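Single-structure report; data block below.
The values are calculated or read from the model by the stated rules, or taken from the named source; none is laboratory data. Fair warning: this is a prediction, and the values are worked out from it, not measured in the lab. Methodologically, a virtual Cβ is constructed for each residue, glycine included, from the backbone with ideal geometry; neighbour enumeration extends over all protein chains shown. Areas reflect the complete protein model, heavy atoms only, side chains present, ligands, DNA and RNA absent. Shrake-Rupley method; radii C 1.70, N 1.55, O 1.52, S 1.80 Å.
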Amino acid sequence: MLKKIFNNKKIIALIIFFSVLCMCGVCFSSSRSRNPKEIDVDIAIIGAGGAGMTAAIAACEAGVQNIVILEKQAFVGGNTLRASAGFNAANTRYQKAAHIEDSTELFMQDTIKGGKGLNDRELVKSLALNSAKTLDWFNGLGANLTQLGILGGSSVKRTHRPADTSSVGHVIVQTLNKQLNLHKIPVLLETTATKILTNSKGKVCGVEARGKNGNKIIIHCKAVVLATGGFSANQKLVTSYRADLAGFGTTNHPGATGDGIKMAKKLDAALLDMKLIQTHPTVHPTTQTMFTEAVRGNGGILVNKEGKRFVNELATRDIVSAAILKQNGKSCYLVFDDAVRKSLKAIEEYVKLKIVKEANTLEELANSIQVPQGEFIATMTRYGNFQRNGHDPDFGRCSMERPLNQPRFYAAICAPAIHHTMGGVKINTNCEVINKKGAKISGLFAAGEVVGGVHGGNRLAGNAIADIIVFGRIAGKGAADYIKNNGEITSSKANKELTQEETTPLVIANKKGKYKDGKYDGSAPGRHGDIKIRVTVTNGNITKLELIEHNDTSGLLEATLKQIETRMLTSQNTDVEVVSGATLSSNGIIEATRQALQKAR
Ligand code: ADP
């Protein structure tokens, strides 16, 4: 697999690019402090991916300047360099300007639904509450993540991307790297942390590392931020938890080997969700290049070898991956047109890598990818009609941005590959690492993919960037606070500082509710005839509303249902406000739900 990664010209180009940056002094290489045997700092950060870099900047902003970052690769950025989706945030100024109605509740609800209810709700709450504010902070550093898009599992346009449509990862790494330079935070490249050191009282007091030439380095510090990412590139570790993933490629950088998890485990850190590993559905099988979900979000569809669509392309990654694996050849084609290509700079990279077939007509494209021409044209025509009507009766896709009728036409073969490991170390909302007995490991903080619990059973696209920046910032501030208060974090200060934003408190019901578990149907008159709703009750709580039958305008009614569903899941009753501009439909949905719940008492 490593061979595959290094065969990928794009990755080699990135390595060269960052090596050149390093030579130009953009990063501080270990050669600046040649073979240091012992270093004294306040905070040691392990890993210079998005989470580690953010934590360093946040700690510095919080007044602790004596920091070092250890990075085992020859360049900074980790998986963030490869990120192409965007930064999910709710209630942002950009959404407000575009009249997109979103809320932290809806963000939480989408994240928990996508995560199959397995998420740590407190961490999800923190992610959602801090998202808009953290995006403002990040854009304040010079990033320009202002363009809105929608990705799988999100109910509304919540993904913030660079205004010039370029890949978000590069913008993020450049922005963070600039800040590291401004704050003069050293990054020891090609330096691998091997052990976290503790004193006789069990407090973290240092890190043992191996430098470029294999020389041992001891870093004495008062706090450590673990930001080593996940373990997607460690086949042995992956298959020890998930034998079914043997032989899968990965979209990750080669450094994603779970070192942080192993180091924390030695300090008795609690681990959770280790079996929850996500595959990304659309990865080029030979180069392992990931086709960003934004290609589908901006209009692309998936077509199998028989020339047919087979799934809602904007369903969550687990669903789309599973559907692809059921197709002939366990792969499919990602199909789009010139309008989609123009909407996304990332596509230019794929074209340059020659992993996309192009044609002037759909007939030519069908021949070139060897799918039955008649079926393929019929599929494209049918989809075009759905797009025009704003309704996909075949698979229920909610957002169909483009009709896919602008030549040239494009198709890329793709299949799932290991993308994100949702499991990792347990933290609290201050990003303090928790041990198996439920106590904090004094002085140890963690953020990013090394942490378990944020994404539950399945991470939504755009939530990783939100995760690393929101929690990277909390971890950095937390570590600084811990040092300034002589080893204590006072009353969740780090988290509170980030959550002053006015938000409605969310009640996602953890407690047993008042209804009988089951699925109940109810109907009531809507704008154009009866609306039939199915309500799911789990653990006594309303957990889902589904539209079973209706004659209303499609798309609009679904959107109204989503908002009503959020309100009911939050309040756990049917006395909710109607959606403005959709009074009749809202009343129909609310009354039908009431009728259904009569049977659940
Ligand atoms: P995140 O998205 O959580 O920031 P990434 O995978 O993007 O995670 O980044 C993690 C970074 O940590 C990578 O650059 C990786 O090379 C680095 N890393 C992993 N293990 C070690 C280690 N033992 N010592 C130093 N750096 C490490």
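What about Lys116, is it part of a loop (DSSP other than H, G, I, E, B), of a type in the set (Lys, Arg) and modelled with pLDDT of 95 or more?
It is false that Lys116 is part of a loop (DSSP other than H, G, I, E, B), of a type in the set (Lys, Arg) and modelled with pLDDT of 95 or more.
Against the condition surrounded by fewer than 18 Cβ atoms within 10 Å (Cβ to Cβ) and either part of a loop (DSSP other than H, G, I, E, B) or over 15 Å from the mean Cα position of the chain (by Cα) (or both), how does Gly153 come out, does it pass?
no
How many residues does region 121-150 hold that are in a loop (DSSP other than H, G, I, E, B) and over 15 Å from the mean Cα position of the chain (by Cα)?
Here the count works out to 4.
Could you tell me whether region 109-119 includes any residue that is more than 25 Å from Met290 (Cβ to Cβ), in contact (Cβ under 8 Å) with a residue 40 or more places away in the chain and open to solvent by 30 Å² or more (accessible area, probe 1.4 Å)?
Checked against the condition, which is being more than 25 Å from Met290 (Cβ to Cβ), in contact (Cβ under 8 Å) with a residue 40 or more places away in the chain and open to solvent by 30 Å² or more (accessible area, probe 1.4 Å), region 109-119 yields at least one hit.
Just to be sure I understand, how many residues within region 51-81 are under 25 Å from Pro254 (Cα atoms), more than 9 Å from the ligand (Cβ to nearest atom) and not in a helix (DSSP H, G or I)?
Residues in region 51-81 being under 25 Å from Pro254 (Cα atoms), more than 9 Å from the ligand (Cβ to nearest atom) and not in a helix (DSSP H, G or I): 2 in total.
As an exercise: evaluate Val371 against (1) of a type in the set (A, V, I, L, M, F, W, C); (2) out of contact with any helix residue (DSSP H, G or I) (no Cβ under 7 Å at 6 or more places or on another chain); (3) within 16 Å of the ligand (Cβ to nearest atom) and give the number of the one condition it does not meet.
The one condition Val371 does not meet is (3).
Could you give me the residue pairs with C-beta distances under 8 Å whose first residue belongs to region 66-80 and is under 18 Å from Val207 (Cβ atoms), whose second residue is within 6 Å of the ligand (Cβ to nearest atom) and charged (D, E, K, R) wherever it lies, and which are 6+ apart or on separate chains?
Lys72/Asp259
Considering region 82-95 alone, what residues qualify as being in contact with a strand residue (DSSP E or B) (Cβ under 9 Å, 6 or more places away or on another chain), within 16 Å of the ligand (Cβ to nearest atom) and open to solvent by 10 Å² or more (accessible area, probe 1.4 Å)?
If the condition is that a residue be in contact with a strand residue (DSSP E or B) (Cβ under 9 Å, 6 or more places away or on another chain), within 16 Å of the ligand (Cβ to nearest atom) and open to solvent by 10 Å² or more (accessible area, probe 1.4 Å), then Arg82, Ser84, Ala85 are the ones that fit.
Check Ala98 against each of (1) away from the ligand (no atom under 14 Å from the Cβ); (2) modelled with pLDDT of 95 or more and name the one condition it does not meet.
Checking Ala98 against (1) away from the ligand (no atom under 14 Å from the Cβ); (2) modelled with pLDDT of 95 or more, the one that fails is (2).
Residue check, Gly384 against (1) modelled with pLDDT of 95 or more; (2) surrounded by fewer than 23 Cβ atoms within 10 Å (Cβ to Cβ); (3) among the small types (Gly, Ala, Ser); (4) closer than 30 Å to Ile465 by Cβ, all met but one. Which one?
Looking at each condition in turn, Gly384 falls short on (4).
Assuming Gly211 fulfils every condition listed in (1) modelled with pLDDT of 95 or more; (2) crowded, with 17+ Cβ neighbours inside 10 Å apart from one, which condition is it?
It fails just one condition, (1).
Just to confirm my filter: which strands (runs of 3 or more DSSP E) fall fully inside region 389-452 and include at least 1 residues that are open to solvent by 30 Å² or more (accessible area, probe 1.4 Å)? Break it down stepwise before answering.
On the way: elements: 409-421, 432-434, 440-446.
The qualifying strands (runs of 3 or more DSSP E) are 409-421, 440-446.
In the list Arg309, Arg317, Arg341, which residue meets the criterion of being surrounded by 20 or more Cβ atoms within 10 Å (Cβ to Cβ), of a type in the set (Lys, Arg) and within 20 Å of Arg459 (Cβ to Cβ)?
Only one candidate passes the filter, namely Arg317.
Quick check on region 508-525. Is at least one of its residues in a loop (DSSP other than H, G, I, E, B), touching a Ser or Thr at 6+ places or on another chain (Cβ under 6 Å) and modelled with pLDDT under 80?
No, region 508-525 contains no residue that is in a loop (DSSP other than H, G, I, E, B), touching a Ser or Thr at 6+ places or on another chain (Cβ under 6 Å) and modelled with pLDDT under 80.
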